[in-house]
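Q: Could you have a look at this structure, given as structure tokens, before my questions?
No lab work stands behind these numbers, since they all come straight from the coordinates. Computed from a predicted model, the values in this text were never measured in an experiment. With ideal geometry, Cβ positions are generated from the backbone for all residues, glycine too; neighbour counts draw on all protein chains shown.
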């Protein structure tokens, strides 16, 4: 998912360079949403990993 966020970010940078501002804005919004989803999933798995590790030690 982080790879897709980076891909859409690059698309938005290239589109902005060539003057396609609507495409750039759309791709930037998609990249932003995908990045936040990635961060949320990462935090959930981090918390789950820490709690499961704690239960396995006990």
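Q: Is there any pair linking a residue in the range 25-40 that is farther than 14 Å from residue 13 by Cβ to one that is exposed (fewer than 15 other Cβ atoms within 10 Å of the Cβ), with Cβ under 6 Å and at least six apart or on different chains, and which?
A: 34/1; 34/4; 38/1; 38/2
Q: Ok, one more. Could you check how many residues of the range 10-25 are more than 15 Å from the chain's Cα centre (by Cα) and part of a helix (DSSP H, G or I)?
A: Of the residues in the range 10-25, the ones more than 15 Å from the chain's Cα centre (by Cα) are 13-25.
Next, only the ones that are part of a helix (DSSP H, G or I) stay: 13-18, 21-25.
Selection size over the range 10-25: 11.
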